[in-house]
Amino acid sequence: MTLGVLAVLAMAFVMFAGFWTDWLWYRSVRYSSVFTTTLWTKIGLFAAFGLLMALAVGVNIWLAHRLRPPLSAMSLEQQNLDRYRMGIAPYKKWVLLAVTALVGLIAGASASGQWRTWLMWVNGVPFGQKDPQFQLDVSFFAFDLPWYRFLLGFGFAAAVLSLIAAALVHYLYGGLRITSPGARATAAATGHLSVLLGIFVALKAVAYWLDRYGLAVKSSDFKATGNWAGLRYVDANAYLPAKTILFCIAVICALLFFATLWRRTWQLPVIGFGLMVLSAILIGGLYPAIVQKFQVQPNEQAKEAPYIKKNIDATREAYGIDDAKVDDYQGVGDSKDNAKLREDAETAASYRLIDPNVVSPTFQQLQQERKYYQFPTTLDVDRYDGQDTVVGLRELDVKGIPKSNWINDHFTYTHGYGVVAAKGTAVKPDTEGAPDFVQSGLPSRGTLGEYEQRIYYGEKTEQYSIVGGPQKELDYEKNGEPTKTTSYEGKSGVNLSSPLNRAAYAAAFSEPQILYSGAIGEGSRILYNRTPKERVEAVAPWLSLDGDAYPAVVNGRIQWIVDAYTTTNGYPYASRTTLGDTTADSLSQTDSQRAVIAQQNQVNYIRNSVKATVDAYDGTVKLYQWDTEDPVLKTWMKAFPGTVKAKGEIAPALMDHLRYPQDLFKVQRELLTRYHVESPSQFYSGSDAWQVPDDPTTGEKSSVPPYYLSLKMPQEQERKFSLTTTFTPNGRPNLGAFMAVDADASSKDYGTIRLLRVTGDVPGPQQVQNRLNSNAEVAEFVRNLKGANSDIEYGNLLTIPLNDGFLYVEPVYAQGNNAYPLLKKVAVSYGRETVFKDTLGEALNAVFGEEGETPPPPGDGEDDTTRPPSGGDDSLQEAIEDAQKAYDEGEEALKEQDWTAYGKAQEKLQDALQRAADAGAETGAPAKPGAEAEPGGKPGAEAEKDEKGDQKGS
């Protein structure tokens, strides 16, 4: 008994711990209203519908028992059931309570899962748009109809369970007879069961009526166009009137069942029910098939044209592609004036040669610093100082901790450190093709200025950490310097000072050491749910999130930016898409961190309505309203007031880093393969359908990812930060279209989609890649790499419109065994010409046959390699001062004959001189602490003394 009681108490405490830790976490992030609103909604639905189901079943069981015939009237068959009745008799109240409680619990649990449907129904905001068939506001289909369908399903379940329970009680107590001669049911049982059957048929009538509206959002296969949503000719002219007729028949049939209370016979209700079933087969099934076969198919295009037009208009509106501009574009290009082409190529785009999908190992090798740091598999593209920049965060990798144990894993190694960024358009001069870092080192220094570098919240931080208590954390380690330690000063996390909190987390995380460890004390806080997407999903469970959260340095803090979407599956006539399939490409398949949004979730309306940020240091989550017109977001803002900030509260520094989201772009491009066409006849024929090509750089059957790129579209005067992709015609490899969207959130044209429909015969991405692979220079380059035990790796194949043609640019990397990718060559193709050269400038000169300058990055039009980056002089001066200080320390150590101190001073000196050399290369200034610098980057006299000091030290 004692063990049983303890086991029950332990289970109860574990359940309480889950609830209590959730409450503490939501309170710590200041979104407790989300927790309480969700909790009370679930409790309310559980209680209301659980009680309704229990009452429905319980009342009918009680009523059937009350209507039982007297024992004297029971047949021999019923007398044989005496032992069952006698066995139940002493416990019938408990049996009734047990049955009703069971069905109530099941129904309540099912209903609590509908909390989103309830909140959307009760808080629904009008769309201000009407469907073309019923002239009802779209909100009816998006918010109301799902709730009505749930109520209908609940009603059917209650009616069926009540009918089964009542029938069993009537049989047990003699109201129903199966084998006995004479009447099969008593008058009381007949009336009772007839009413329940009447309720069931009445609910079926309601179902027929709701099915009429369901035709506007139903999906079907339409062989001419594939996936289809909304009414077609047969729906409007056969199914819709059939559903109305079936509704009327069901109402009459239900009335006949109710009339059994007075007639005490099932003859008419059974005839009516049979008529309803027959009508459902003939009117609801056979008649529409006849209409489809003999009216629609002989002239399908003309019959379906009005409905195809409705589908096109609704789909384009629902996915935000109704304003997409489609222009015809020759695509072949004018090669008569090569000098003009070469000149225009200078400003056509900022040619991003550093591929964020390739260079992560290079960042890892050159900037990892310690084994317990890591960069994401795919880096991000952002803009700093007007330039396309490749960015990665040096996050904590617990698998690289030198000695793994509970203290090290959760107390000592708690955070990553620093942003590393490189120019997207150039490699570092005088190197073998390494990135040109504008922010690097540990701690990182460069053009981003001063900012909080510790990363407690990131894409890789999936384990919990306990910080701020007596146990010091490792801050960072640097060669030649003492290990830096720190103690977390942020306000995030849950305080573990309370014994109750410690016990709750010990139970929730199945880690008893949390309860008694001496490393936890006053001020200790536990950090968990640490990835940006986890935190946003928790505080806004009604949003779908983009697969790519990306970091930006904003006002001295690292902020993770997460694009979030509102969706619905109830937009009339709009075709559905499966987000998990649509947003998959070659990148998401190789990078587990870039999971696609809402895996396999079907929707037919989507808006990027929220921009969310997560502070990398203190985990603060902020949600900003981005689409101020979205009725779905307005509905959720009514349901969860105060959780979403106004768009006007977005800081200008944050606005500079917001961009058009990739997953929304992928959904839109998939729809635009068909829905760029607005003519019903052309849409029906599919003559102008496109497809998203496979990624030619991987050799696998996976869609090419979209690329962020600053480029100039035709008839535009300046480059814009854009998200781009290409299309090929269905079943053909040549280029069919080019798509770009203005991705700069601060631009007045943000979100404007432009499509260039290619009218000429232009090679597509796969054809360009094949040409490159068959190029003689490429073959020789690959042979040389194989001889040096290296491999070739192709970077992103960029497509840029240029003077009625398309310029393809592809960086080519070499990677040796156990080494990292370095940019070695650049391939360029224009028209029928494909070249393969050492630099972009040489490749452009060769493809156009004209000399020119290396294309400048966006900004003032100058080549950034000739301009010092902002903050470069400060970095240089700081490095010089550190070098002078280290040199002085070395001289003092020499005088004292302290070789240990001298060795440490030399390590500091070497590090400082390297930083000075790097900064000097960036700024174009000599590295000199008040004296002329030698070509190697060291001060002349100091370098000589340093060399002598090294010899003397040896």
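Only the coordinates and a few stated rules stand behind these numbers; no lab work does. Just so we're clear, the structure is a prediction, and the values are computed from it rather than from any experiment. Reconstructed Cβ throughout: ideal geometry from the backbone, glycine too, with neighbour counts over all protein chains shown.
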So which lysines pass the test for residue 204, namely a Cα distance under 18 Å, with those fewer than 8 places away in the same chain ruled out?
243
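In which sequence would 913, 161 go, from the one with the fewest C-beta neighbours within 10 Å to the one with the most? Show your work: numbers first, answer last.
Values: 913 24, 161 18.
Ordered by Cβ neighbours within 10 Å, fewest first: 161, 913.
Under unit Cβ charges (Lys, Arg +1; Asp, Glu -1), what dipole magnitude, rounded to 20 debye, does segment 531-658 have relative to its Cα centre?
Numbers: 12 positive and 15 negative charges, 77 e Å.
Here the size comes out at about 360 debye.
Would you mind putting 486-495, 656-665 in packing order, based on average other-beta-carbon counts within 10 Å, highest first?
On the way: 486-495: 17.7, 656-665: 23.1.
Descending packing order for the listed peptides: 656-665, 486-495.
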Cα lying deepest toward the dipole's positive end in segment 470-594, options 541, 476, 490, charges on Cβ
490
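Would you kindly work out the equivalent ellipsoid of the chain from its C-alpha gyration tensor and give its semi-axes, the square roots of five times the eigenvalues, largest first in whole Å? Please report the intermediate quantities before stating the final value.
Values: eigenvalues 846, 340, 83 Å².
Square roots of five times the eigenvalues give 65, 41, 20 Å.
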Percent RCO, i.e. relative contact order, over the chain, from Cα pairs under 8 Å lying at least 6 residues apart:
12 percent
Taking max minus min of the Cα coordinates of segment 349-530 on each principal axis, largest first, gives extents in Å of 60, 35, 27
Could you name the lysines in cross-link range of residue 837, using Cα to Cα under 19 Å and dropping any fewer than eight places away on the same chain?
428, 786, 824, 825
Fewest Cβ neighbours within 10 Å first, please rank 399, 472 accordingly.
399, 472
Simple spin-label estimate for residue 12/residue 327, 7 Å along Cα→Cβ, in nm, reads 7.3 nm
Within 10 Å, count the other beta carbons around each residue, average over each peptide in 379-387, 693-701, and list them highest first.
379-387, 693-701
Select from 736, 753, 769 the residue farthest towards the positive end of the dipole of segment 728-798; place +1 on Cβ of Lys and Arg, -1 on Cβ of Asp and Glu, and compute about the Cα centre.
736
Of the listed pairs 371/904; 533/666; 460/748; 460/634, those with alpha carbons more than 27 Å apart are 460/748; 460/634
Pairs 325/720; 130/309; 423/701: which are spaced more than 21 Å apart, C-alpha to C-alpha?
423/701
Once the dipole of segment 249-335 is set up with Lys and Arg at +1 and Asp and Glu at -1 on Cβ about the Cα centre, which of 258, 306, 324 lies farthest towards its positive end?
258
Only Lys, Arg (+1) and Asp, Glu (-1) charged, at Cβ; segment 186-318 dipole about Cα centre in debye
160 debye
³J(HN,Hα), Karplus 6.51/-1.76/1.60, whole Hz, each residue of segment 187-196, x for Gly, Pro
4, 5, 5, 4, x, 4, 5, 5, 4, 5
Relative to the Cα centre, what is the charge dipole magnitude of the chain, using +1 at the beta carbon of each Lys and Arg, -1 at the beta carbon of each Asp and Glu, and rounding to the nearest 20 debye?
7540 debye
Pop a pseudo-label 7 angstrom from the Cα along the beta-carbon direction at both residue 261 and residue 313 and give the gap in nm to one decimal.
4.8 nm
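Which ordering of 750, 476, 573 is given by a fewest-first count of other beta-carbon atoms within 10 Å? Could you put the intermediate results ahead of the total?
Details: 750 16, 476 21, 573 26.
Listing 750, 476, 573 from fewest to most nearby Cβ atoms yields 750, 476, 573.
Go ahead and estimate [θ] at 222 nm for the chain from helices alone: -39,500 (n - 2.57) per DSSP H run with n ≥ 4, summed, over the residue count, rounded to 500.
When only DSSP H runs of four or more count, the value is -13500 deg cm²/dmol.
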Cross-link partners of residue 303 among lysines (Cα-Cα below 20 Å; sequence separation of 8 or more within a chain):
218, 223, 293
Using only Cα atoms and rounding to the nearest 10 degrees, what angle (0 to 90) does helix 338-348 make with the longest principal axis of the chain?
70 degrees
The chain: angle of helix 899-923 to the longest principal axis, Cα-based, in degrees nearest 10
80 degrees
Rounded to the nearest Å, the spacing of the alpha-carbon centers of segment 113-185 and segment 739-775 is 51 Å
To the nearest 10 degrees, how steeply does helix 872-896 sit against the main Cα axis of the chain, on a 0 to 90 scale?
60 degrees
Each label point is 7 Å from the Cα along the Cα-to-Cβ direction; what then is the distance between the points at residue 786 and residue 51, in nm?
7.8 nm
Phi angles of segment 132-146, converted by Karplus (6.51 cos²θ - 1.76 cosθ + 1.60, θ = phi - 60°) into ³J(HN,Hα) in whole Hz with x for Gly and Pro, give x, 9, 9, 6, 9, 4, 4, 4, 4, 6, 7, 10, 7, 4, x
Gain upon complete extension [residue 757, residue 679; 0.36 nm per residue less C-alpha separation]:
26.5 nm
